[in-house]
Structure formats: structure tokens, C-alpha cells
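Q: Take a look at this one; I'll ask things after.
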Ligand SMILES: Cc1ncc(COP(=O)(O)O)c(C=O)c1O
């Protein structure tokens, strides 16, 4: 006789009825009330008992059979398999390691002070949603073919046109490669140019994710000093003249905000030309320079074809797009094109078509102009609010840096602030972990709206004050 199974179904639950039946049987096996070899009720009986369709029970049994938890035969009906207990005791794979602590702030949010994301309260949502919906429909309606692995011509052309106006960079669409953000572009260029095992100059402080990417690509890093004029190129040349790569943020240094001075730009390109090295220009903020007109791209000065320009739509539209691009010197464009096809094709065309439409119809430039004004106002308001509370602050890119006395545990302050819904980032995390590190808090201006500003600054000041006392 088949044992009767006693479990209840909940028709309002998130799990389907089939899944609830499957889980009910698994629970009965785990608890021992269904032993190996025990016969399950027929679909018909169980369906009648539970008041569900026969197919619902059948689907649950089939799933259990697929997992080898039950076996079905014509003669014996459905029975618990001999090794069901073993199959069930196999633990599910362990949760992967949590992301590095610093990233929690990037993944969660947007909380107040959060860096690295644009202001979502001023985004033209209906307009962009319409462009995306139209593009998705067009993609589905078109014949299923492999798209150009370099990115759609339309987007590459729009990017090239935009760079000419906004970044002073003359390039042909065949030099532009659409990527999965800056991160995708960086990994792509590192592989194409075979940087594995070579030495790189890394800004110190510098973008921790860039540092991580170079290390994962097998490069040896030499941390290089940065001041208000950007990377100290003379020091870098003296320390590691034979490096194969310099990874720099010349437009606005990340995270301190200085623009690489013209004399240093010239010096950097001359060194790269001499050493046959590559300069990767991380232009993550593009023309989003809040205080004045943005300096032209470093790549616009490059006559010898040594600069790889990397741009991103993460700060100007949304990081959720995961969309960025590379502009490479014409001489290496064919190499990049082959590699794009082989191992780094551009994201699907729908997202590219939407962004190309946004650019072509003039919305992108308009949106950038509005964001520049908004961010400049938010940056000024944040600096004033912090100064009024006695903090030493400086503007840098889309963040404000609040300096802390040497040795202050800025990471601990950030952890504590998080409990109050604030998301500052510790400055110390941007330094080479083996060297000296300044202490401070980086506060994103895009997410710091006027309405919550005073309360957030009060709260942050109280957290800092507690650490002052603790340190004293
Ligand atoms: C210095 C720097 N470079 C690049 C990026 C953009 O990266 P992605 O395009 O992968 O979002 C960021 C984002 O925070 C950044 O801070």
C-alpha cells in the first residue's frame, strides 16, 4: 500500500502547486516518513487527495525522477529511489564569497552620499523607456543574425561624433568598440595588447577596480604618486621607465579630481612613444566636469598611436546599461576587430540602438548639460554644509572629499555610517594596500539631494565625532 502523504497546499504561495508537491515529498523523505523503496501514491490518488489536476502531480513526480529522487516503473509505480537520501544530503553549492566590502555600497543603494551612480531623481525616464522599448521591439522583429561584434555602426558613429564635439577627439567609427562598460573595455584591451606578465603604472590613489583588473590580468603594478595636477609623470618615468602600460584618469583624477596638466600629458605621450608602451585613458566622467569646460581627451594629443581611450555611459546615463566603449589607434583597430569577434563581442543591439537614438536626437547632450548644473549645485551645497560643521573638504570629480586626520579608521566610519543609510567610501581603500594611505571620506554628490542634505551631514558628523573621541 502506498503511504498517504500529509501536506497542505497554499494556493496563494509564491511556489507553484507542482513545486509545493515536490517539496512536500522531499520533506517526507528527509524526515524518514518515506523510506528508500517506499511506494508513492499514484498521480490520480494524490491529485484527488490534494484537490489538484493530475498533470500537476505528474509534473512534480517527473521533476523528482529527473533528480533521481524517485524511480518509476510500469510494474512498481513510483518509488523512493535507494539513493534518494544521498542525493538529498548533497549540500547545495556554498554561497559564493560575498563581494569585497567596498562594493557593497555600489551594489546597494542608491543611498545618500553614494558614489559612482548618477542622480536617478532627474533622469528622463519616460523618454528613455520609450527608446528602449522601441529598440527591443525592433531587435525582435529583425531577422536573427549575428550583429557586428564591434557594436552597431549607428552607435559607433554617434560616439565618434560626440567625442569630436565634447572631447576634442577625432576618430573614425572603425576605431570605436562598444563594450560592457569600462570594466569590459579594460579587460578587452589588456588581452588584445597581451599585457600579461608586464609592468604597469598605477595611480596611487587610484580606482581600486582598475587595480584589481590589472592584477587579475597578471600585471605587476608600480603605484605612482598623484598631486593636484594628476599623475606625477616624471616620478613614474624615473621609477619604472620600462613599464608597458600606464593606466590614468587624466580628465579628472579618480578620486581626487585633479586634471592632468598639459606638460605632463605631453611628457606621458612622449614616454609611451619612446618606450613603445600603452597609455589607457580612463575617461569615465567624459565632459562631466562641474567647475569649468572639461579638458580635451588625452587621446586627442596622441599622434603616435599609443593611447587607448576608454569611455563609459555609467555616470552619464546609468551603470545598469553596462555600456562603455574603446577608441583605439587606427593601426591596431583590425586587431581589436578580430578579438571582438573572437572573445569580446559588443552587448546586444537593443541597448545600443536606444543609446544611439538618445544621442542622435540630442537628448544626451541636453541631459549632460542639465546634470552638470545639478551636480555643481549639489556639490556646492554639500561642501557648504560640511564646512559649516567644521570639516575640511575639497571637490573631486562627482564626489566631495572630507579629509580626516592621519590614521583615522575611515573604513570603520563608513561601516558605521552605513547603518544610518549613508554610503560614504573610505579614501584609504583607493591606495596601494602596501603603502602609506591618507584617510578621508568620499561623498558622492549625485545622490546627495537637497532635501536630505542637512540631516545626513548632521548624522555623518556625529559618527565622525564618536571616532574622534574613540581615537583620543
Ligand atoms: C575611475 C572609474 N573608472 C571607470 C568607472 C566606470 O566603470 P563602468 O563603466 O565599468 O561602470 C568608474 C565607476 O565608478 C570609475 O570610478
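Read the figures in this text as sums done on the coordinates, not as results from a lab. It should be emphasised that the depicted structure is a prediction, and the values quoted were computed from it without experimental measurement. All Cβ positions, glycine included, derive from the backbone under ideal geometry; neighbour counts span all protein chains shown.
Q: Would you mind classifying the stretch 134-199 by shape? Square roots of the alpha carbon gyration tensor eigenvalues, ordered a ≥ b ≥ c; an a/c under 1.5 is rounded, otherwise it is prolate if a/b is larger than b/c and oblate if not.
A: Oblate, because a/c is 1.5 or more while a/b does not exceed b/c.
Q: Quick one: which of 326-338, 151-163 comes out on top by average Cβ neighbours within 10 Å, and what's the full order, highest first?
A: Peptide ranking by packing, descending: 151-163, 326-338.
Q: What's the center-to-center distance, using Cα atoms, between the stretch 283-330 and the stretch 355-379 in Å?
A: Taking the Cα centre of each part, the stretch 283-330 and the stretch 355-379 sit 15 Å apart.
Q: So what is the relative contact order for the stretch 350-472, in percent, with contacts set as C-alpha pairs under 8 Å and at least six apart?
A: 25
Q: Sticking with this one: What is the order of 409, 454, 302, fewest Cβ neighbours within 10 Å to most?
A: 454, 409, 302
Q: Mind running the shape call on the stretch 338-469? Use the C-alpha gyration tensor, a ≥ b ≥ c as the square roots of the eigenvalues: rounded below 1.5 for a/c, prolate if a/b tops b/c, oblate otherwise.
A: Because a/c hits 1.5 or more and a/b fails to exceed b/c, the stretch 338-469 counts as oblate.
Q: Below 8 Å between Cα atoms, with a sequence gap of 6+, how large is the relative contact order for the chain in percent?
A: It rounds to 17 percent for the chain.
Q: May I ask you to order 75-85, 314-324, 287-297 by the average number of other C-beta atoms within 10 Å around their residues, highest value first?
A: Highest to lowest by the protection proxy: 314-324, 287-297, 75-85.
Q: Now for a different question. Can you sort 310, 165 so the residue with the fewest Cβ neighbours within 10 Å comes first?
A: 165, 310
Q: How big is the gap, in Å, between the Cα center of the stretch 406-461 and the Cα center of the stretch 150-185?
A: After rounding, the separation between the Cα centres reads 34 Å.
Q: Packing-wise, with mean Cβ within 10 Å as the measure, how do 277-286, 117-126, 20-29, 248-257 rank, highest first?
A: Result, highest mean first: 248-257, 277-286, 20-29, 117-126.
Q: Viscosity 0.890 mPa s, temperature 25 °C: Stokes-Einstein D of the chain from its Kirkwood Cα radius, in µm² per second?
A: D, rounded to a whole number, is 95 µm²/s.
Q: Let me ask something else. Could you please rank 448, 72, placing first whichever residue has the fewest other Cβ atoms within 10 Å of its Cβ?
A: Fewest-to-most ranking of 448, 72: 72, 448.
Q: Let me have the 222 nm mean residue ellipticity of the chain computed from DSSP H runs of 4+ only, each contributing -39500 (n - 2.57), with the sum over all residues rounded to the nearest 500.
A: -13500 deg cm²/dmol
Q: Relative contact order of the stretch 17-89, please, whole-number percent, based on alpha carbon pairs below 8 angstrom and at least 6 residues apart.
A: 38
Q: Okay, next question. With the cut-off at 1.5 for a/c, could you classify the stretch 193-348 from its C-alpha gyration tensor as rounded, prolate or oblate?
A: rounded
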